[in-house]
1. Taking the chain, how many lysine pairs are there with alpha carbons less than 25 Å apart, if each pair must be eight or more places apart or span two chains?
2. Within region 177-197, what residues put their amide N at less than 17 Å from the label point 7 Å along the Cα-to-Cβ vector of L149?
3. Rounded to the nearest 0.05, what FRET efficiency is calculated for A347 and E167 with R0 set to 56 Å and r the Cβ-Cβ distance?
4. What is the Cα convex hull volume of region 179-280 when expressed per residue in Å³?
5. So what is the calculated 222 nm ellipticity per residue for the chain, using -39500 (n - 2.57) for each DSSP H run with n of 4 or more, over all residues, to the nearest 500 deg cm²/dmol?
6. Most fluctuating residue of A232, A275, A260 in a GNM of the chain with Cα springs under 10 Å: which is it?
7. Would you look at the GNM of the chain, springs on alpha carbons closer than 10 Å, and say which of Y104, Y96, Y65 moves the most?
8. Once amide H atoms are built 1.01 Å from N in the peptide plane, which residues 5 or more positions from S283, or in another chain, come under 5 Å H to H?
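Quick note: the coordinates plus some simple rules give every number you see, no bench work behind them. Source: prediction; values computed, not measured. Here Cβ is always computed from backbone atoms with ideal geometry, including for glycine, and neighbour counts include all displayed protein chains.
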Amino acid sequence: MSQSLQTFIAGLPKAELHVHHVGSASPRIVSALAARHPDSKVPTDPEALADFFNFRDFAHFINVYLSVVNLIRTPEDVRLLTYEVARDMARQNVRYAELTITPYSSVKPSVGIDERAFMDAIEDARKAAESEFGTVLRWCFDIPGEAGLESADVTTRLATDDTLRPEGLVSFGLGGPEIGVSRPQFKPHFDRAIAAGLHSVPHAGETTGPETVWDALRELRAERIGHGTSSAQDPKLLAHLAEHGIPLEVCPTSNIATRAVKTLEEHPLKQFVDAGVTVTINSDDPPMFSTDLNTEYAVAARLLDLDERGVAELAKNAVHASFLDEPGQARIATEIDTYTDAWLADA
């Protein structure tokens, strides 16, 4: 890839739709939190931390991820993390992000952060980030599938209780391992969330087959699919996604790091695009995977053989697939076009 295209990507206004709250903690923040909580298993030394984030497989990734989750123990931890994640996004010209948050991990009895204090912490950080960085944040509350139906009950209550539900909440998700965690068991929870006005955005088909994606569509009424990597194995599923305009939230480097896909050359991104499926490019858990959104766009540009105009269209996919209101979408899309036109005029 040319240095020119990399520079173009770095300055391009962007939206991100699949990025995790705790998983976005930079090594600097993780190290600081680990130092504050020395009983954790997370190392503070940068080299040891890099080795800690060297995943053997998806199960190992989940174990490491949960170790970092354990560092978020107070409302002050929550606020600091959220604000600093927004700062890192702003440095990459991310104008809008739907940040996936797992409140159960913080409010469950073994951690015990007060529910209202948790909501206040993320909302205070959201408002400060928009005011100071110009980055608009919205929330997706997700069920940690590995924690079972109790976690689903708590997450659903927090997402639908008018006295607790944060102003920035727009969607409802399901994360964690897919193997042994069937999607249909969470149908009642998604039904409640959808009835409360939230959008359905479960993870599916990352480490299991296309039937998991079908379950997410049929049982959870998914409007977007997190990852959906195995959708490429089912032509009927690809046709369904394309026909109904259901976007896939694609995270290339993450899929390699967790061994969901063996190599980037084997990644099905181009297959999705060739089938007419809308794709958005995302970073998932960027510091854990030694990546960021700019890097993911560079990867996508290489896999799809895109020039500046093609990359800009890819960026607009995320804007139009987002749950931002129409004026907000139009504003960012116009900003992308204006930036691109100016760049090409100077080329």
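1. So the count of such lysine pairs works out to 11.
2. Backbone N within reach: 180-193.
3. It comes out at approximately 0.85.
4. Cα convex hull per residue, to the nearest whole number: 91 Å³.
5. -15500 deg cm²/dmol
6. In this elastic network of the chain, the residue with the biggest mean-square fluctuation among A232, A275, A260 is A275.
7. So, out of Y104, Y96, Y65, the one fluctuating most is Y65.
8. H18
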